[in-house]
1. Give the range 135-172 a look and list any residue that's under 19 Å from residue 329 (Cβ atoms) and either at pLDDT below 95 or of a type in the set (Asp, Glu) (or both), or say none.
2. Give the residue that is surrounded by the fewest Cβ atoms within 10 Å (Cβ to Cβ), with candidates limited to residues of the range 20-60 that are in a loop (DSSP other than H, G, I, E, B) and either within 10 Å of the ligand (Cβ to nearest atom) or of a type in the set (A, V, I, L, M, F, W, C) (or both).
3. Go through the range 115-163 and give me each residue that's more than 10 Å from the ligand (Cβ to nearest atom), polar (S, T, N, Q) and either more than 17 Å from residue 32 (Cα to Cα) or in a helix (DSSP H, G or I) (or both).
4. So, in the range 245-283, exactly how many residues are under 17 Å from residue 189 (Cβ atoms) and either free of Cβ contacts under 8 Å to residues at least 12 places away in the same chain or touching a helix residue (DSSP H, G or I) at 6+ places or on another chain (Cβ under 9 Å) (or both)?
5. With 315, 301, 311, 251 as the choices, which residue is within 24 Å of the chain's Cα centre (by Cα), at pLDDT 95 or above and under 30 Å from residue 101 (Cα atoms)?
6. Looking only at the range 130-177, which residues are of a type in the set (Phe, Trp, Tyr) and crowded, with 17+ Cβ neighbours inside 10 Å?
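The values are calculated or read from the model by the stated rules, or taken from the named source; none is laboratory data. As the structure is a prediction and not an experimental result, all values here were calculated from the model. Glycine also receives a Cβ, built like all others from the backbone with ideal geometry; neighbour counts cover every protein chain displayed.
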Amino acid sequence: MGDTAFTPRVFSGIQPSGGLTLGNYLGAMRRFVEMQDAGTYETIYCMVDLHAITVWQEPDALRKNTRELAAFFIAAGIDPERSILFNQSQVPEHAQLAWIFNCVARMGWMGRMTQWKDKAGKNSENASLGLFAYPALMAADILIYHATHVPVGEDQKQHLELTRDIAQKFNNDFKVDFFPITEPVIEGAATRVMSLRDGSKKMSKSDPSDMSRINMSDDADTIAKKIRKAKTDPEPLPDTLDGLKDRPEARNLVDIYAALSGMTAEQVIADAAGQQFGQFKPALAELAVEKIAPISAEMRRLMADEAEIDRILARGAERAREIAIPILAKTYDIVGLLGAR
Ligand code: TYM
């Protein structure tokens, strides 16, 4: 970064593609709330519906999932007064800046993205162009606010590196110090929550097995059942984290316990040393229910008043545009586009 001082500003987003998991909560949402509550940043959080449509979404389901995601943000502790909470498609400047970034980013950069390779797979000829350009829109989400910090789970790291590359190339190409080089914030005990059925795979809404994940909408019995049936091994818990090196499923449960309780993984293992899973799992299930049930109950309450959610999002979009419009205008000016005059 050059000498320009940027306002400490946080941006992050979640796709409203249905099925919010414990991974989204522990890997992202918890940090969003902490950064809001820290009071040292302006915080901006977004439902990235334009990203969601890079793969097929039923229109009615997309509308419902977008409102449900808004309810999740609020129920988990995002205050729409203290943070700006809005829906991406209601702020057209994201898509406008993304077009400029499509012209800055290189095909080779996009082609190297592991999420593109995973999602498009062998059938890339048939994937949408939007899916390929996805990371340029993500860079636009962040840079349209000159955000300096982006809290995410581990799986978004490569996309954030690309965001830095795009900012850097734009600044170099136009010989300006206009876009900040954003810092990823990948912190906490659960930056990569793994599947409950396979400790080598990330917990994901797209896993065909519902037993592999805890959904934020699961009731207490379902959460307890999924944790009871989570894959583990017959060994008791060791007394140090080192002893979990080759036991990814066990490590995952310890990390989840740590993140939910606010302890470090080291503290959890020190307390639980020698326990069998028959003892550890019920304690974890109880803790998970205690933390998740109030959020899902509050989500259901909020979802009963869709008009209120829509009002909150409209107000959030207005506030977001106050920041985005002048940054887009300046970008147009730097690039030599007359559009903003
Ligand atoms: P998305 O919608 O897949 O996930 C939202 C957030 O949840 C985190 N996450 C996890 N963290 C830990 N363990 C898991 N198993 C897990 N699953 C999901 C993700 O890392 C993410 O932080 N491309 C982004 C959305 C996006 C965005 C942005 C993020 C669009 N524009 C700008 C930050 C800044 C995505 O698909 O996240």
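1. Within the range 135-172, 141 is the sole residue that qualifies.
2. So, considering only residues that are in a loop (DSSP other than H, G, I, E, B) and either within 10 Å of the ligand (Cβ to nearest atom) or of a type in the set (A, V, I, L, M, F, W, C) (or both), the one surrounded by the fewest Cβ atoms within 10 Å (Cβ to Cβ) is 56.
3. Listed by number, the residues that qualify are 123, 124, 126, 128, 158.
4. Final tally of qualifying residues: 24.
5. Residue meeting the stated conditions: 315.
6. Answer for the range 130-177, where residues must be of a type in the set (Phe, Trp, Tyr) and crowded, with 17+ Cβ neighbours inside 10 Å: 132, 134, 145, 170.
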